[in-house]
Each structure stands twice: as C-alpha cells, then as structure tokens.
Amino acid sequence: MTDAKLRDALLPPAVRQRLDRVATVVSEEVLTSYDTTEARAILAETDVLLTGWGAGRVTPEVLDAAPGLRLVAHAAGSVRAVFDPACYDRGVMVTTSAQANAWPVAQWTLAMVLLAGKKVVPRSRAFKASRARSRPWQAPVGNFGITIGIIGASRIGRLVLDELPRHGYRLLLADPTVTAEQARALGAELVSLPELMASSDIVSLHAPILESTKGMITAELLSTMKDGATFINSARGILVDHDGLRAEARTGRIDLILDVTLPEPLPDDDELWDLPNVWLTPHLAGAQGREVGTLGLSAVTEIEQLAAGLPYVHPVPADAYEATA
C-alpha cells in the first residue's frame, strides 16, 4: 500500500476486525518500500502480504527476505505489476480483488449504456440550448432493440453481459479466447472485432492490458462505426488509438464516453475536453470511496481462507499469469 489513508479505506472497522480475528498484524506502518532495514525485519516475520494500489513489486529479493511468505493478498485488480512469477517457484500464492472491483465498473458501464441509448448527454445539451422538449416518438433514440458490442469476456465484460439482456438488446461479443458456444451461454453472438465495431450502436471495451491488446482499437476500426454510435471505454486508455478517437469525435459522427484516457488526465489543451459529443469521467468507474472497502474485504477473505486451510476464492494460478492484467 502507498499510505495510511488507503490502508484505512481498504480496512474499515468491520473488515479490520475480521483481519484481527485470524491474523497478527506485524506492523501498522504502510510499507512504501521493501528495501529498508525496517521493511526487511518486518518481511522476516511475515506470512502474508496484504497489498494495494501502488504497492512495491514482490521480487525474488523480497522473497529471500520473507522466507515464511505464503500469500500475497492483493486488494486491487491488476496484479502483474505487484508480483514476480518467482512467487510460484517459492510456493507463494497470489490472490486478486479484481472481482470486487469489477462490479462497480459493471454498474458504471450499465448506466452509461442506458444513458447512451437514450442519448442523454446530447439531448440534455440541446434541451438546455433550445428550452424545448422534442416529441419522444420523433427522437431517433431508445434502448429497445439496439445492438450492443462488448469487447472482452473479462470479469467486467461478463458482469455487463449478465445485466444487458433484460433491456431488449441484441448482444455481440468479440474475444479471441471464447468459443461461439461459450458466447451463446453468455447471451451474445460471437463475432470478429471488425464486425462488432461496424455493427454495434454502442461499443463497450473490457479487454485487459496485454502486449497483444495495446492499441487494439485502431483509427481504422473507429472509422467503421455507425453514424450516431457510441464508444465507451472503462478499461484502459492504452488500448485505444487516441488520434483516431479525436478524428472521429471531431466530426461529431460518433459519441465518446471515456472513463480512461492516454495519458490520464489528458493535457489541458486536448480537444477531447471540449468536444460536445465527448463525456469524460475521472477514472471513477472502479471502486471509489466506500466501495474501496470491498477490495479490502476480498483480500481479508483470502487470509481467512488461508487461516482455515480452505481453498482461495480468487487465486491467480501460474497458468493464468500471462493472460492476467
């Protein structure tokens, strides 16, 4: 963890009480580095590291200093930056709170999809400008019967897919790791990424950051989107060609709803701040405020499982490392 405020957000009183029932906290200080003499002394007594955003990487050298380490319980989503695969060679398991973080993102995405279907942002702007309400049957908007494209059957992608059918959508899914049968079980039709981009009224991106996914949403793909379509990104900015985003948004042809950008935040003079068909939110889709405690609860649950000799709930096994963000 990076600071005491994050520690306290991850471990609100009820969650901290559960931790104290099954574990002895070696130090109340947050380790901002594993390289100090104090940190090495703490590591020597440690069976479990409870890590969070900004935590240092558990390297072979850290493992040498923590010979009794059995578990890295990560109270956040992305884990590859936090631990080295050497953990597996030493018998140390890593768990993730990505599932706890996935639900707020799925909620945000569902809200954005519903608002995009109603064209709430541009219609609100037009309403304020004209002071006149359009007749509801004349507006080319609405959520019934439109096509939603989900890119990535990740934890978040699957949660979103689970929520969408009740709204009368046609669902498309693009994911090279999923079969057509698996997509049907998720309520979607498996299609190629180009077909999804060209066919969807609303596209929502949920792919992980891997070498193979960086820049996967190219300018060419964005140019094939329908006029009036909406592109939503709550994954990571690095997955999308931002020059392509600017080019398409500048025409007014498509709408953008972006919770993440590259860089974050955008430079002050970036045109995406001011374009009327772009809605930016400050990377708030994931756990915020009180929701952060659910990440700590997930990590503490893994520590409880270890103490009880039970299987972990959300482990990151060695064979999943390369496909894990």
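The values are calculated or read from the model by the stated rules, or taken from the named source; none is laboratory data. As the structure is a prediction and not an experimental result, all values here were calculated from the model. Note that each Cβ is placed from the backbone with ideal geometry, even for glycine, and that neighbours are counted across all protein chains shown.
Can we say R155 is modelled with pLDDT under 95, of a type in the set (K, R), crowded, with 21+ Cβ neighbours inside 10 Å and in contact with a helix residue (DSSP H, G or I) (Cβ under 8 Å, 6 or more places away or on another chain)?
yes
Quick one: what pairs do we get from the range 15-38, first residue outside the structural domain of A65 (by TED's automatic domain parsing), second buried (at least 16 other Cβ atoms within 10 Å of the Cβ), C-beta under 9 Å, 6+ apart or different chains?
Filtered contacts from the range 15-38: no entries.
Return a yes/no flag: does the range 250-257 have any residue that is among the basic types (K, R) and more than 25 Å from V141 (Cβ to Cβ).
no
Of the numbered conditions (1) modelled with pLDDT of 95 or more; (2) under 24 Å from the mean Cα position of the chain (by Cα); (3) of a type outside the set (A, V, I, L, M), G68 fails exactly one; give the number of that condition.
(2)
Residue by residue, here is whether (1) touching a Lys or Arg at 6+ places or on another chain (Cβ under 9 Å); (2) of a type in the set (A, V, I, L, M, F, W, C); (3) crowded, with 21+ Cβ neighbours inside 10 Å holds:
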position	(1), (2), (3)
L43	no, yes, yes
G56	no, no, no
A65	yes, yes, no
G68	no, no, no
V72	no, yes, yes
A86	no, yes, no
R90	no, no, no
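Which of the residues that make up the range 26-50 are within 30 Å of W103 (Cα to Cα), of a type in the set (V, I, T) and modelled with pLDDT of 95 or more?
The one that is within 30 Å of W103 (Cα to Cα), of a type in the set (V, I, T) and modelled with pLDDT of 95 or more: V48.
Hey, among the residues in the range 222-239 that are closer than 21 Å to T147 by Cα and among the β-branched types (V, I, T), which one's surrounded by the most Cβ atoms within 10 Å (Cβ to Cβ)?
I232
For residues in the range 276-286 being in contact with a strand residue (DSSP E or B) (Cβ under 8 Å, 6 or more places away or on another chain) and modelled with pLDDT of 95 or more, which is surrounded by the most Cβ atoms within 10 Å (Cβ to Cβ)?
It comes out as V278.
Of the residues that sit in the range 158-186 and are of a type in the set (G, A, S) and surrounded by 14 or more Cβ atoms within 10 Å (Cβ to Cβ), which one is nearest to I257 (Cα to Cα)?
A174
What is the residue count in the range 287-311 for residues that are assigned to a loop (DSSP other than H, G, I, E, B) and either touching a residue at least 60 places away in the same chain (Cβ under 8 Å) or surrounded by 20 or more Cβ atoms within 10 Å (Cβ to Cβ) (or both)?
The number of residues fulfilling the criteria is 2.
Just checking, how many residues over the range 226-236 are within 20 Å of P276 (Cβ to Cβ), under 19 Å from the mean Cα position of the chain (by Cα) and not β-branched (V, I, T)?
Adding up the residues that qualify gives 2.
Looking at the range 272-325 only, could you name the residues that are polar (S, T, N, Q), within 30 Å of R253 (Cα to Cα) and out of contact with any Gly (no Cβ under 9 Å at 6 or more places or on another chain)?
T281
Pull up the range 1-24, narrow it to residues that are at pLDDT 95 or above and assigned to a loop (DSSP other than H, G, I, E, B), then point me to the one that is surrounded by the most Cβ atoms within 10 Å (Cβ to Cβ).
Taking the candidates together, the pick is L11.
Given the criteria over 26 Å from the mean Cα position of the chain (by Cα), more than 12 Å from I303 (Cβ to Cβ) and of a type outside the set (F, W, Y), does A9 qualify?
For A9, the condition - over 26 Å from the mean Cα position of the chain (by Cα), more than 12 Å from I303 (Cβ to Cβ) and of a type outside the set (F, W, Y) - is not met.
Within the range 137-225, considering only helices (runs of 4 or more DSSP H) that don't extend past its boundaries, which have at least 2 residues that are more than 17 Å from the chain's Cα centre (by Cα)?
In the range 137-225, 180-185, 193-199, 219-223 are the helices (runs of 4 or more DSSP H) which contain 2 or more residues that are more than 17 Å from the chain's Cα centre (by Cα).
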